[in-house]
Amino acid sequence: MKKDILSMDYNELEESVLALGEKKFRAGQIFEWLHKHKVQDFNQMTNLSAQFRTVLNEYFYIYSLKIVKKLVSGLDNTVKYLYKLNDGAVVEAVVINYKHGNSLCISTQVGCKMGCRFCASTIAGFERNLTAGEMLSQLYTAESESGKKISNIVLMGIGEPLDNYDNVTRFLDILSSEDGHDFSLRNVALSTCGKIDKIHELAKKRYGLSLSISLHAPSDELRRQLMPIANNYKISELIEACKMYFEITGRRITFEYALIDGMNDSIECADELASILSGFPNHINLIPINKIDERDYMPSSKDRAAAFKNRLEQGGMSVTIRRTLGADIDAACGQLRKEYRTEDIN
């Protein structure tokens, strides 16, 4: 069976090249073709002999994605891709234009098993983890198709990144390799609903990436109503893990907080949130929740969101309300995949 060469790190590629009877430096040439030039065919590696290219094609394949749907927002030029993987599964990625550059939000799993009540990603069900090559291909395909250089990457699409820890860290290692794409991990943000053991492991990697915590409630009781993971980890334990992450990496933590009308958007909730998050560098990102058909949750009104934000600021917190992007193309995670699977079933 052929191996996914895009998922191989430099050392693995070097070992494979030596096993094929070639010189070690060939690994560097191949790695550069894959991750600097983003070629899709071994025959494009013109500084390799035709014979060696034939051998590579016998043992390996270069992962590529098929774009089955592309939506472009008429409001802000946000671009949403629905990618089909080699096994027929689909995932989403979103390119967002900011003043500072282009950000790409990628998926790390096909579906999600975390079960957050307000999220469309989990409704369509979990199928499997994505490989490092599949994550890299989301980036390379988006850059190639759009003609835009991606300056920031957000692991905040479909899936829980720390539930796919080994493949995600492999992706980060390959992405940042100076022999390849050489992407600075300080321009990467990883969002997690709070797998504490993996947060500890990630901190030890000292990647320098930004960590975003999907919190969405100021108390364990309320969080358990929204997020099943809260049955495994207390908020106090999660906050301690975040403080540890900051102490090791020096990177400020962002806490994501989806505002749900009448549930977690009261002034009392704001006061409680400010209380539990005070005392260490962090930022609170308030998110107008996206309405999904399968749930009754409604987004907070602009007035309630503004009052919540003001109360947090009065408590000394750094806080913003996330600007809604791609609203006309359902750019929220999981919506396009869910619609595609429904159409496929019907």
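Between ARG252 and LYS113, the C-beta separation translates, for a Förster distance of 30 Å, into a calculated FRET efficiency of about 0.55.
Considering the zone a paramagnetic label at LYS243 would reach in this model (a point 7 Å from Cα along the Cα-to-Cβ line), which residues of region 180-205 have amide N under 20 Å from it? The answer is 194-204, whose backbone nitrogens lie closer than 20 Å to the label point.
Among ARG251, ARG322, the order by Cβ neighbours within 10 angstrom, fewest to most, reads ARG322, ARG251. Against the chain, whose longest principal axis comes from its Cα atoms, helix 25-35 is set at around 40 degrees.
As a test of the formula, what do you get for the chain when each DSSP H run with n ≥ 4 contributes -39,500 (n - 2.57) and the sum is divided by the residue count, at 222 nm and rounded to the nearest 500 deg cm²/dmol? Taking each H run of at least 4 residues, the total per residue is -11000 deg cm²/dmol.
Can you tell which of ALA307, ALA50, ALA132 shows the greatest fluctuation in a Gaussian network model of the chain with Cα springs below 10 Å? Judging by the Gaussian network model, the answer is ALA50.
Give the aspartates and glutamates reachable from LYS243 as a straight Cα distance under 15 Å; neighbours fewer than 8 places away on the same chain don't count. Output for LYS243: ASP197, GLU201. Dipole magnitude for the chain: computed about the Cα centre from +1 point charges on Lys and Arg Cβ and -1 point charges on Asp and Glu Cβ, it is near 540 debye.
Of all the options MET135, MET156, MET45, the one that moves most in a Gaussian network model of the chain with Cα springs shorter than 10 angstrom is MET45. To the nearest ten degrees, helix 335-345 and the longest principal axis of the Cα atoms of the chain are 70 degrees apart.
Of the trypsin sites (Lys or Arg not before Pro) found in region 173-233, those that fall in a DSSP loop while having at most 14 other beta-carbon atoms within 10 Å are ARG206. Helix 196-205 axis versus longest C-alpha principal axis of the chain: approximately 50°, rounded to the nearest ten. In plain terms, the residue of VAL95, VAL154 with the fewest other Cβ atoms within 10 Å comes first and the most crowded comes last, giving VAL154, VAL95. Each of VAL94, VAL188, VAL55 was scored by other Cβ atoms within 10 Å of its Cβ. Listed from fewest to most, they are VAL55, VAL188, VAL94.
Under a 5 Å amide H cut-off, with hydrogens placed 1.01 Å from N, PHE255 pairs with ILE213, HIS283, ILE284, ASN285 among residues at least 5 apart or on other chains. The simple Förster model, with R0 at 35 Å and r as the Cβ-Cβ distance, assigns GLU145 and GLN51 a FRET efficiency of 0.60. Modelled spin labels at SER318 and VAL72, positioned 7 Å past Cα toward Cβ, are 3.6 nm from each other. Applying the Karplus relation 6.51 cos²θ - 1.76 cosθ + 1.60 with θ = phi - 60° to region 279-290 yields 3J(HN,Hα) values of x, 8, x, 7, 9, 9, 10, 7, 10, x, 5, 8 Hz, where x marks Gly and Pro. Given a cut-off of 30 Å, what percent of all Cα-Cα pairs of the chain lie beyond it? So the portion of pairs separated by more than 30 Å is 39 percent. Choose one answer from GLU313, GLU272, GLU58: the residue with the largest mean-square fluctuation in a GNM of the chain with alpha-carbon springs under 10 Å. Residue with maximal mean-square fluctuation among GLU313, GLU272, GLU58: GLU58.
None of the figures in this text is laboratory data; all of them are computed from the coordinates on show. Everything numeric in this text was worked out from a predicted model, so none of it was measured. Cβ: placed from backbone, ideal geometry, glycine included. Neighbour counts: every protein chain shown.
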